[in-house]
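What follows is a short report on a single structure.
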Amino acid sequence: MISTGLIHNPLVCSKLVASLASTPLSGTTCTAHFIANQHSGLDTYTWNTIIRGYWEEHNPKQALHVYAHVVRVGMPPIDSYTLVFAIKACGLLGSVVDGELVHAHVIKLGFAAEAVIATSIVGMYGVFGKLGCARRVFDESPERDLVLWNTLLAVCAQSEVPEVAIAVLRSMIEENVKPNGVTMASVLSACSCSRSLREGKQLHCYAVRNLALLDVVVCNALVDMYSKCGCLISARKVFHGMHKRNVISWTTMINGYSKNNRSNEALMLGKEMESANIRLDEVAILGVISMCSKLGSFEMAEWIDQYVEMNGHRKKKNVHVENALVDMHAKCGNIKKACQIFYEIENKTLVSWSSIIQGLAMHGHGLPALTLFCQMQREGFEPDDILFLSVLSACNHAGLVEEGRKCFQSMEKDYHLRPSMEHYGCVVDLLCRAGLIHEALEVLGNMLMKPDAIIWRTLMKACQNQGNASLARHIMNHLLELEPEYSGNHIIVSNLQAYMGEWRSVEKTRTEMGVQGATKGDPGTSFLATSCTA
């Protein structure tokens, strides 16, 4: 086209730009934009395809840049197509200011009354968490179709306000707009987030009476709602009554069992899913692995590992799945397996290193954790504050005082990270375990915030172990001032007084507990004893 001169023909050039911008390949929209900038006389439709192309490539900044160019040159006429993708780009970018500017432009051009524009603006304000603005746009819209109602309900669901979502649903019914499956799924999602079982049951009844068929989306939302509200019998009844189930149906029910501490049922359902030849995608696999990590079930972790291996997810070398497996095995007690998977990861990320170091620290393997931490730094990875906490914990468990000191100093000196209360607590505990109470007090003196009760309790117990009565009395006052009603503090104080033979002080402390209402809680129960009794 360049060599023949056809590139200068506005009609032909316009088709070339539109074709390039519509191609789902990386970089083609940028090429289309470059060609468009070299030629004048291209129409609005051509520029619209560039805006849409950038939006589809998840490049909202450039999409808005092109939109600003179209507005600046006063290209006639700007249509609703242009505005819709500009609004969507604002939502994708997360820029409230740009969103409000485009909204103002919509009003100025007289497009606010169009349902498709109003729907986009309501959805955009939902992304920003501005429920009031979304509701105002909705109320001012003269044309409210089902899509606009569903968009508002989705915004209410994101805000986790079931009362508002149900009120909107009632208004929708009163205006003779019939809800569909998408409507019910949105409102049920709001009930799930807020654990509103009563409202969820009402919606279930309405759906059964008024929807011709409860499709898979609605049924999945019902299973999720009942599971999160702790009503597993109803969740199971909906799940087993489904005519058609997808991957989300199975994972939602498995997650429901897991979150309600029913690991055996979760494992059985997982095996049933496997026998039904249901293959989880990578998103579902990550959800199940994360669920198992929180549950801490060794048997469940073994089954998930076998499932991932058998279905070829490990062969795909997806680093997100591999990282999740390392974390899962470490938290479920199989640190050997976690290490094996870690060393097989080809393209390790900071998450990979964090997961294995945290796992080793959790299992008391301080030296291996510290060795990997040094190796990670040599390979050019910069640790974050969470990783430093894991390393300090590893030093604490292994009694590596000097290494712990160096790690804590490196945190601020080399990486400019401000220690949190947890970091200080870990260092104080490390020093107290080594008998270095005075050094621990020096750390407290250099803290950027006031020490919490946990740190004072750590020092108190260290004083008790070393028989340092004078320092213990000083710490005792700080502890009782911070938490006067917490019974644990009074018990530590009375135990220390008893250790020093101050029996009158013990009696006084126990009396003060009753006066201040700091009574000892219910006694602990033994799982073994409970099982034997049952």
Could you list, in sequence order, the residues of segment 454-479 that are at pLDDT below 80 and in contact with a helix residue (DSSP H, G or I) (Cβ under 6 Å, 6 or more places away or on another chain)?
Met460, Cys463, Gln464, Leu471, Ala472, Ile475, Met476, His478, Leu479
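Return yes when Leu360 is under 21 Å from Asn334 (Cβ atoms), at pLDDT 90 or above and touching a Pro at 6+ places or on another chain (Cβ under 6 Å) and no when it is not. Working first, answer last.
Details: under 21 Å from Asn334 (Cβ atoms): yes; at pLDDT 90 or above: yes; touching a Pro at 6+ places or on another chain (Cβ under 6 Å): yes.
Spelling it out, Leu360 is indeed under 21 Å from Asn334 (Cβ atoms), at pLDDT 90 or above and touching a Pro at 6+ places or on another chain (Cβ under 6 Å).
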Kindly indicate whether any position in segment 128-140 is of a type in the set (Gly, Ala, Ser) and assigned to a helix (DSSP H, G or I).
yes
Thr4 - would you say it is among the hydroxyl-bearing types (Ser, Thr, Tyr) and surrounded by 12 or more Cβ atoms within 10 Å (Cβ to Cβ)?
no
Answer with yes or no whether Val208 is part of a helix (DSSP H, G or I), of a type in the set (Val, Ile, Thr) and under 23 Å from Ala284 (Cβ atoms).
no
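From Glu439, Glu379, grab the single residue that is surrounded by 13 or more Cβ atoms within 10 Å (Cβ to Cβ) and either outside the structural domain of Ala324 (by TED's automatic domain parsing) or at pLDDT 90 or above (or both). Write out each step before concluding.
On the way: Glu379 fails: surrounded by 13 or more Cβ atoms within 10 Å (Cβ to Cβ).
The unique qualifying residue is Glu439.
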Do we have Arg418 as out of contact with any Asp or Glu (no Cβ under 8 Å at 6 or more places or on another chain) and farther than 19 Å from Leu372 by Cβ here?
no
Checking Lys450 against (1) at pLDDT below 90; (2) assigned to a helix (DSSP H, G or I); (3) among the basic types (Lys, Arg), which test does it fail?
(2)
Of the residues in segment 296-310, how many are among the charged types (D, E, K, R) and over 17 Å from His320 (Cβ atoms)?
2
Taking only segment 64-117 into account, find how many residues are more than 20 Å from Asn150 (Cβ to Cβ), among the β-branched types (Val, Ile, Thr), surrounded by fewer than 21 Cβ atoms within 10 Å (Cβ to Cβ) and touching a residue at least 12 places away in the same chain (Cβ under 8 Å).
4
Here are some residues: Thr82, Thr29, Thr4. Which one is within 30 Å of Val155 (Cβ to Cβ) and modelled with pLDDT of 85 or more?
Thr29
Conditions first: (1) free of Cβ contacts under 8 Å to residues at least 24 places away in the same chain; (2) closer than 20 Å to Leu295 by Cα. Tyr343 passes all but one, so which condition is the exception?
(2)
Contacts under 7 angstrom Cβ, first residue in segment 254-281 being in contact (Cβ under 8 Å) with a residue 24 or more places away in the chain, partner assigned to a loop (DSSP other than H, G, I, E, B), 6 or more apart:
Asn260/Gly230; Ser263/Ser297; Arg279/Asn311
Of everything in segment 239-286, what is in contact with a Cys (Cβ under 9 Å, 6 or more places away or on another chain), among the charged types (D, E, K, R) and buried (at least 17 other Cβ atoms within 10 Å of the Cβ)? Give them in sequence order.
Arg245
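Helices (runs of 4 or more DSSP H) wholly in segment 215-286 with at least 1 residues that are under 20 Å from Gly200 (Cα atoms) - which ones? Step through it out loud before you land on a result.
Details: elements: 216-228, 232-240, 247-259, 263-275.
Of the helices (runs of 4 or more DSSP H) lying wholly inside segment 215-286, those with at least 1 residues that are under 20 Å from Gly200 (Cα atoms) span 216-228, 232-240, 247-259.
For Ala398, state whether it is more than 24 Å from Tyr343 (Cβ to Cβ), of a type in the set (Gly, Ala, Ser) and over 26 Å from the mean Cα position of the chain (by Cα). Show your work before the answer.
Values: more than 24 Å from Tyr343 (Cβ to Cβ): no; of a type in the set (Gly, Ala, Ser): yes; over 26 Å from the mean Cα position of the chain (by Cα): yes.
In short, no.
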Residues that are surrounded by fewer than 17 Cβ atoms within 10 Å (Cβ to Cβ) and modelled with pLDDT of 85 or more: does segment 153-165 have at least one?
no
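The values are calculated or read from the model by the stated rules, or taken from the named source; none is laboratory data. Since the model is a prediction, treat every value here as computed from it, not as a measurement. Backbone-built Cβ (ideal geometry, glycine too); neighbour counts: all protein chains shown.
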